[in-house]
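Have a look at the structure below, then the notes.
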Amino acid sequence: MERKIGEIFEHKGDMKRGYFGIGIQNCKTEENIGTLWRSAFSMGASFIFTIGKRYKKQCSDTPQSWRHIPLYNYDTFEEFYKSMPYDCRLIGVELNDKSVPIKEFKHPERCIYLLGAEDSGLSKEVINKCHELVILPGKICLNVSTAGSIVLYDRILKSNSNE
């Protein structure tokens, strides 16, 4: 059965409650933001964001995701953290001893996924503020936009299996 993107998050005729966003701390390239933006739009994210961006410009975006979901830019983690919505969980995607494997992770109804740059990961400050940490399979870190896309896809799969 073929499903349209807009149907992915519908449950028994009602729109599913909740929302999610995804972002990168200290992203190095506009290509990673562009790829993550496309994935976020395709997989139903409410917004994307950057914290302390290190790139100079936005990349080209064929489906023009900027017309569908917003991109927020924060200079610091503190600025981002103060603007988090009420009762929203911060989920870090990080290679860490405290991280839960993605296959065992239950995605919160309302959350923000945060990825670190490939060369530095998430800062200790961020890790300490995360409600939960999740880890993807593999022994080395993935490209940040690929890792984000996998997390969003896992959310969709688990959401659809709960129908």
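The values are calculated or read from the model by the stated rules, or taken from the named source; none is laboratory data. None of the values given here were measured: they were computed from a predicted structure. Note that each Cβ is placed from the backbone with ideal geometry, even for glycine, and that neighbours are counted across all protein chains shown. The protein model used for the area step is the full one, side chains on, heavy atoms only, and it has no ligands, DNA or RNA in it. Shrake-Rupley method; radii C 1.70, N 1.55, O 1.52, S 1.80 Å.
Here are some notes:
- When the residues of region 124-147 are filtered to those that are touching a Phe, Trp or Tyr at 6+ places or on another chain (Cβ under 7 Å) and not β-branched (Val, Ile, Thr), the one that is nearest to LYS28 (Cα to Cα) is GLU125.
- Subset of region 92-111 [more than 20 Å from ASN160 (Cα to Cα) and part of a strand (DSSP E or B)]: GLY92, VAL93, VAL100
- Once region 123-142 is narrowed to residues that are under 23 Å from SER46 (Cβ atoms) and not in a loop (DSSP other than H, G, I, E, B), the residue that is most open to solvent (accessible area, probe 1.4 Å) is LYS129.
- Scanning region 131-163 for residues that are among the hydrophobic types (A, V, I, L, M, F, W, C), touching a residue at least 60 places away in the same chain (Cβ under 8 Å) and either touching a helix residue (DSSP H, G or I) at 6+ places or on another chain (Cβ under 8 Å) or closer than 15 Å to ASN32 by Cα (or both) turns up VAL144, VAL151, LEU152.
- Set SER149, SER159, SER145, SER120: member being open to solvent by 40 Å² or more (accessible area, probe 1.4 Å) and of a type in the set (Gly, Ala, Ser): SER120
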